[in-house]
Amino acid sequence: MPVAQFARPRVAAPRLEREILVLVSSGRARSRKEIAESLGIAPSTVSQRVQAMLASGVLEETGEGASSGGRRPRALRVPGSTGYLGVVDVGGTHARIGILRHGGELATTTEVAIAIADGPEPVLTQVTAALRDLASTLGSEAGSSEAGGSEAGKAVRNGSEKSGADSGRLLGIGISLPGPVDVARRALDSPSRMPGWSGFDVGSWLEGALDVPAVVENDANAMAVGEHFGHARRTRHSVSVKAGSAIGAGILVDDRLHRGSGGAAGDITHTRIAAAGDTPCSCGNRGCLETVASGAALVRLLREQGYDVAATADVLALVRDAEPVATTLTRTAGRHLGEVLCAVVNFFNPGAVYLGGALSTLEPFVSAIRSQIYEGAHPLMTRDLVIAPSALGADANLVGVGRLLEDALVPHALAG
Ligand SMILES: [Zn+2]
């Protein structure tokens, strides 16, 4: 049973072999040359290892390599990895759903209205139905995971080599959720305002529904992975902040997601700051950053001044209209977040801080964060620091959780 093998890989591959498999199975590299460039190691070392992997059958060659004159190079492939990934980003009122092609490119996306408070089963039922609909628009066998296996794959490839290689069958599903995720249990851990979700095994539910491996990740972490690899100018260490109705952050160290010992790394939203005074927070504490710098905080502050606002979207509309009170409050919110990020930057010395979420589309918010960091952090920290808006926008979580899924599928390929 593939799902069980996925959960407990029986073969522990050496590190280089694993890295080669991740590159090839995800489509990030298709030849020995691309592997060597991507890993920054000698082509001869790669050739030697690839030869051994071909001999043992964990890699195979196809005739599809790009020709640049002379002998046509042969492309590498992981047997059984032909297909696409389903990726889902669940928010409070909407779920964004996408199909990720080989190579990490989003083929198509859609959004469905959901109510997170309905609980996990109604929401996941809606999401998987929407994913099936979306997959069926790819044509061929793509919509049916039951039709997977080598026979179906072969039929598609015979029909059209190119589209068969690109679509194939559903290989796995990755989902990002708006709360603290216990990645090993693939469940949310005591999220606020999400009745029924705490401890619910989302990963097993999805595997039962779709019969493919599933990974479950927190939304700020998914976004951080997407942004980290999504910018043209690369850094090995980054912090990504998601500032919407709540605030979250994710950290990559040496190109790897850093979850911390309890899986809660990056949770800056409950940092106490003096300016927040005794304002009660959703976490039960008082004076957290969230109570003065989040979209929910801006809604509350504007309502206290008599404004008719109900959600972060209303705040966005006011600031885009240059409404002075909303603009000033938004700038102050950015300054508070920037103050906390100064400590993060001084401590962690990242190469980049990426700003995502709805509030980060507002210029006064972003420029306040930027000036606060440049003024408050040590010059050694800011000398080469990039502070940039999100490169992927609403798709960051989809691309990020897709990348984590690609990485997780490798032990599956090894065991199978
Ligand atoms: Zn709090």
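The values are calculated or read from the model by the stated rules, or taken from the named source; none is laboratory data. What you see is a predicted model; the values in this text were computed from it and never measured. Note: ideal-geometry Cβ built from the backbone for every residue, glycine included; neighbour counts use all protein chains shown. Surface accessibility is based on the protein's heavy atoms, side chains included, excluding ligands, DNA and RNA. Shrake-Rupley method; radii C 1.70, N 1.55, O 1.52, S 1.80 Å.
Tabulated data for the structure shown
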{"item": "Count of segment 249-267 residues which are modelled with pLDDT under 95 and either over 20 Å from residue 389 (Cβ atoms) or not in a loop (DSSP other than H, G, I, E, B) (or both)", "result": "11"}
{"item": "Segment 25-59, subset within 20 Å of residue 403 (Cα to Cα) and hydroxyl-bearing (Ser, Thr, Tyr), residue modelled with the highest pLDDT", "result": "31"}
{"item": "Selection from segment 295-312 of residues that are open to solvent by 30 Å² or more (accessible area, probe 1.4 Å), touching a residue at least 24 places away in the same chain (Cβ under 8 Å) and more than 16 Å from the ligand (Cβ to nearest atom)", "result": "301, 311"}
{"item": "Residue check, residue 315 more than 16 Å from the ligand (Cβ to nearest atom), β-branched (Val, Ile, Thr) and open to solvent by 50 Å² or more (accessible area, probe 1.4 Å)", "result": "no"}
{"item": "Number of positions in segment 36-52 that are touching a helix residue (DSSP H, G or I) at 6+ places or on another chain (Cβ under 6 Å), polar (S, T, N, Q) and open to solvent by 50 Å² or more (accessible area, probe 1.4 Å)", "result": "1"}
{"item": "Residues that are touching a Leu at 6+ places or on another chain (Cβ under 7 Å) and open to solvent by 60 Å² or more (accessible area, probe 1.4 Å), drawn from segment 190-209", "result": "198"}
{"item": "Condition broken by residue 409, with the remaining ones in (1) over 26 Å from the mean Cα position of the chain (by Cα); (2) aliphatic (A, V, I, L, M); (3) buried (at least 24 other Cβ atoms within 10 Å of the Cβ) satisfied", "result": "(1)"}
{"item": "Residue under evaluation residue 327, criteria (1) in contact with a Pro (Cβ under 6 Å, 6 or more places away or on another chain); (2) within 16 Å of the ligand (Cβ to nearest atom), criterion not met", "result": "(2)"}
{"item": "Residue under evaluation residue 386, criteria (1) touching a Lys or Arg at 6+ places or on another chain (Cβ under 7 Å); (2) farther than 21 Å from residue 235 by Cα; (3) not basic (Lys, Arg), criterion not met", "result": "(2)"}
{"item": "Subset tally (residues that are within 13 Å of the ligand (Cβ to nearest atom) and within 22 Å of residue 187 (Cα to Cα)) for segment 227-279", "result": "8"}
{"item": "Residue in segment 127-137 that is under 16 Å from the mean Cα position of the chain (by Cα), modelled with pLDDT of 75 or more and surrounded by 24 or more Cβ atoms within 10 Å (Cβ to Cβ) present", "result": "no"}
{"item": "Residues being open to solvent by 10 Å² or more (accessible area, probe 1.4 Å) and assigned to a helix (DSSP H, G or I) - total across segment 340-351", "result": "7"}
{"item": "Meets criteria (touching a helix residue (DSSP H, G or I) at 6+ places or on another chain (Cβ under 9 Å), more than 26 Å from residue 409 (Cβ to Cβ), part of a strand (DSSP E or B) and not polar (S, T, N, Q)) for residue 239", "result": "yes"}
{"item": "Any chance residue 344 is within 16 Å of the ligand (Cβ to nearest atom) and over 13 Å from residue 245 (Cα atoms)", "result": "no"}
{"item": "First in segment 38-63 and of a type in the set (S, T, N, Q), second anywhere and modelled with pLDDT under 90, Cβ under 6 Å, 6 or more apart", "result": "38/23; 38/29; 62/75; 62/77"}
{"item": "Number of positions in segment 280-294 that are touching a residue at least 24 places away in the same chain (Cβ under 8 Å) and either more than 7 Å from the ligand (Cβ to nearest atom) or among the charged types (D, E, K, R) (or both)", "result": "5"}
{"item": "Segment 318-336 - residue that is under 13 Å from residue 361 (Cβ atoms) and of a type outside the set (A, V, I, L, M) and, of those, most open to solvent (accessible area, probe 1.4 Å)", "result": "320"}
{"item": "Test: residue in segment 100-117 that is modelled with pLDDT under 90, outside any helix (DSSP H, G or I) and touching a Phe, Trp or Tyr at 6+ places or on another chain (Cβ under 6 Å)", "result": "yes"}
{"item": "Filter pass, residue 354 being among the aromatic types (Phe, Trp, Tyr), at pLDDT 95 or above and not in a helix (DSSP H, G or I)", "result": "yes"}
{"item": "Lone unmet requirement of (1) touching a Lys or Arg at 6+ places or on another chain (Cβ under 9 Å); (2) farther than 30 Å from residue 387 by Cβ; (3) within 16 Å of the ligand (Cβ to nearest atom); (4) not charged (D, E, K, R) for residue 190", "result": "(1)"}
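Per-residue answers, yes or no, for (1) surrounded by 16 or more Cβ atoms within 10 Å (Cβ to Cβ); (2) over 17 Å from the mean Cα position of the chain (by Cα); (3) of a type in the set (D, E, K, R):
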| site | (1), (2), (3) |
| --- | --- |
| 211 | no, yes, yes |
| 221 | yes, no, no |
| 231 | yes, no, no |
| 240 | yes, no, no |
| 243 | yes, no, no |
| 257 | yes, no, no |
| 264 | no, no, no |
| 271 | yes, yes, no |
